[in-house]
Amino acid sequence: MNALPASHLSGLPIGRLLVGFASESGNARALAQRLGADPDLQPHAPQVLAFDQIDVASLGHGDVLLAISSSFGDGEPPANGEQFFDSLRQTTELPGLRYAVFGLGDTGYPSFCGFTKALDTALSERNAIPLLHRVDADLGYEQFFQQWRPVLGQVLQGDLAAGQDLR
């Protein structure tokens, strides 16, 4: 994961705030919708979209992608995340894109949160800047979300150090 000093993030206004999701059962979609309605994010006019509704080529400077997704089967992307992930892998760079990843999974599978781990790696490899450490949440994801959401709000409001200890 990129571990850039906070100075690389400070002073960068948010152009677009995208809350992207990929979901088979609807849990990631429901969390994305809740996040998109969060009062802390309203000043940034968040757009809640399935991953396959996001044009990877349009992502860049000033954009923030808050990615919430489950993994399907043994670490595969949900159906509404496949096209996005394929496009991401074909993209060479996403400089200036900031992101956070919240993964939903089941530790009973060998590739627990496999898709969101791969998504985090792919974004980082394309020079996108992580705002927070990736969250890999098991079936008790609600507790993780309740911890993650307010810290994410603090980071988006400029307190870049708020997310350093959240894992």
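The values are calculated or read from the model by the stated rules, or taken from the named source; none is laboratory data. These numbers come from a predicted model, not from an experiment. Reconstructed Cβ throughout: ideal geometry from the backbone, glycine too, with neighbour counts over all protein chains shown. Just the protein is used for accessible areas: all its heavy atoms, side chains included, with ligands, DNA and RNA removed. Shrake-Rupley method; radii C 1.70, N 1.55, O 1.52, S 1.80 Å.
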message: So with the 1.4 Å probe, I'd like the accessible area per residue for segment 78-151, rounded to whole Å².
response: 43 Å²
query: Put a dot 7 Å past each Cα toward the Cβ at ALA122 and HIS44; how far apart are the dots in nm?
result: 2.1 nm
message: Computing the accessible area with a 1.4 Å probe over protein heavy atoms, can you report the carbon and sulfur percentage for segment 5-147?
response: 49 percent
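Let me have the 222 nm mean residue ellipticity of the chain computed from DSSP H runs of 4+ only, each contributing -39500 (n - 2.57), with the sum over all residues rounded to the nearest 500. Before the final figure, lay out the partial values.
Numbers: 4 runs with 47 residues, N = 167.
So the helix-based figure for the chain works out to -8500 deg cm²/dmol.
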query: How much of ASP52 can a 1.4 Å solvent probe reach, expressed as accessible area in Å² and rounded to 10?
result: 50 Å²
message: For the full complex of protein chains and a 1.4 angstrom probe, list ILE129, ILE14 by accessible area with the highest value first.
response: ILE14, ILE129
query: Using unit Cβ charges (K, R positive; D, E negative) and no other charged atoms, how large, in debye to the nearest 20, is the dipole of segment 1-131 about its Cα centre?
result: 320 debye
field: Farthest positive-ward along the chain dipole, Cα basis, beta-carbon charges - from LEU139, SER58, GLY105
entry: SER58
query: Quick one: length gained pulling ALA79 to ILE14 fully straight, 0.36 nm per residue minus the C-alpha distance?
result: 20.5 nm
- line: Cα convex hull volume per residue for the chain, in Å³, equals 99 Å³
- prompt: In whole Å, how far is the Cα centre of segment 112-153 from that of segment 50-100?
  reply: 13 Å
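Can you tell me how much longer the chain between GLN146 and THR91 gets when fully stretched, taken as 0.36 nm per residue apart minus their C-alpha distance, in nm with one decimal?
On the way: separation 55, 0.36 × 55 = 19.80 nm, distance 3.27 nm.
That pair, GLN146 and THR91, stretches by 16.5 nm at full extension.
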